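Undergrad: What follows is a structure written as structure tokens; I'll ask about it next.
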Amino acid sequence: MSVPNLDDVAGVLVRPLQLLRSRPHNTIDRLSAYRGIGLDDLFPAPDRLPRVRSRERSSLPGFHNEDLFFASLHQPIEPLFAKHYHARSRRFQTVYARRIRPRGTEGRPRLLYIHGYMQPETVVEELTLLSGMARALDMEIVHLQPPYHGRRTPRGSAYGGERFWSADIVRSFEAMRQTLLDARTLLSVMLDESPAPVGVAGVSLGGAFSAALSCLDPRLDFSVPFIAHMDMGTLLRDAPVLGAMRKDLAAFGWTWREFGAFFSSIGWDELLPVIPRERILLFAAEHDRFFDADVLRDMWRRWEEPAIRWYPTSHIGFIPHMPLAIPLMREFVRELPPR
């Protein structure tokens, strides 16, 4: 009997949770607001440094942990959503990040880390995954919470990330825009604090954002996207956990093809890295049913074939390989020449 792909199992497990989702608004007819706008305006750089506040967190021995929070610089483009955004509470207008700093790493490269879709923000995650990664990499990690996740989850959401990625395309696209701007603002904050270099990494959807940031911000010293590509249309087509989004979009008359065509129409598919390919390391899964391996190979070729590590596993099955991948990332960063 064949063993089921863990990616398909993940899709089955989230179905009961997604039954509790709020019904999305059909905003397809409002997407014209984004067409004809240059990529520099769709995905702008931060125009100022925000006022950053910090609060110490309990730390494991040998670490200094703290929260950082500041007002998001995001300004929605689509008029109706902009009105909604500015009328709401500050819950998703505030950027939250967790800094995990192993003692003795001052002056070393630092990492801006973005987690995946629906990933919970738990103390266990901080004390195991993030602290373990920071120690293994021997570098400070600043962990960004994307909109609609963690402490930025609106009240009434059935789960973290419910309103980030849904058939309400305007809200989903604005969440993408906000994530990229919040990450670039956090990068500005980190570089203002210290001249030590900053790289970016992320897993799954966080990996897709890490890849996009590689195409938007030349200030990054390195980029390590894990198990992700940037083709949003095929992600919608393939990802088992996006079944509810596919169903809702179908009710609005859209498939993954129309979704992907929207991204093509705004120039998203034209994005290429603005940091040298020698400073990019990709991790990929051969049997990934979230981010198709062939689509990732196409991106890798367009990116002039940066370093890539393949694993004979699925998207979810990559998780046990993380303890082996992190040391490879550490050596990759250590061997990079100063810029």
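The values are calculated or read from the model by the stated rules, or taken from the named source; none is laboratory data. Keep in mind it's a predicted model, so treat the numbers as computed, not measured. Quick reminder, even Gly has a Cβ in these numbers, built from the backbone with ideal geometry, and neighbours come from all protein chains shown. Note: accessible area is taken over every heavy atom of the protein model, side chains too, but ligands, DNA and RNA are not part of it. Shrake-Rupley method; radii C 1.70, N 1.55, O 1.52, S 1.80 Å.
Undergrad: Need one number: nm distance between label points at E286 and D192, each 7 Å from Cα along Cα→Cβ, rounded to one decimal.
TA: Distance between the two pseudo-spin positions: 4.7 nm.
Undergrad: Here's something else I'd like to know. At what distance in nm do the modelled label points of V14 and A71 sit from each other, each positioned 7 Å from its Cα along Cα→Cβ?
TA: Once both label points are built, they end up 3.3 nm from each other.
Undergrad: Continuing with the same structure: By what distance, in whole Å, do the Cα atoms of region 126-238 stretch along each of the three principal axes, largest value first?
TA: Principal extents (largest minus smallest coordinate, Cα): 40, 30, 26 Å.
Undergrad: Working out 0.36 nm times the residue gap between S54 and K247, then minus their Cα-Cα distance, what length gain in nm do you get to one decimal?
TA: Details: separation 193, 0.36 × 193 = 69.48 nm, distance 4.14 nm.
Value of the extension gain: 65.3 nm.
Undergrad: Moving on to the next point. Which whole number in µm²/s is D for region 232-317 by Stokes-Einstein, with the Kirkwood Rh taken over Cα pairs at 37 °C and 0.692 mPa s?
TA: Numbers: Rh = 14.3 Å.
Once the numbers are plugged in, D ends up at 229 µm²/s.
Undergrad: Using a 1.4 angstrom probe, figure out how much accessible area the chain has per residue, in square angstrom, rounded to the nearest whole. Present the calculation step by step, with values, prior to reporting the outcome.
TA: Values: 14560 Å² over 339 residues.
Here the per-residue accessible area is 43 Å².
Undergrad: Return the Cα extents of the chain along principal axes one, two and three, sorted largest first, each rounded to a whole Å.
TA: 55, 54, 37 Å, listed from the longest principal axis down.
Undergrad: Right, something else. Show the residues, 5+ positions off or on another chain, whose built amide H is closer than 5 Å to the amide H of E286.
TA: Distant-sequence amide H within range of E286: Y311, T313.
Undergrad: Can you send over the carbon and sulfur percentage of the accessible area for the chain, probe radius 1.4 Å, protein chains only?
TA: On the way: 7930 of 14560 Å².
Result for the chain: 54 percent of the exposed heavy-atom area is carbon or sulfur.
Undergrad: Another question, if that's okay. Taking the C-alpha atoms of region 1-121, how large are the radius of gyration and the largest Cα-Cα span, Dmax, in Å?
TA: 20.2, 58
Undergrad: When the distances between all Cα atoms of region 191-275 are binned every 10 Å from zero, what whole-number percent does each bin get?
TA: In whole percents, the pair-distance histogram is 17, 39, 28, 12, 4, 0.
Undergrad: Measuring from centroid to centroid over Cα atoms, what is the spacing of region 271-339 and region 1-69 in Å?
TA: Answer, in whole Å: 21.
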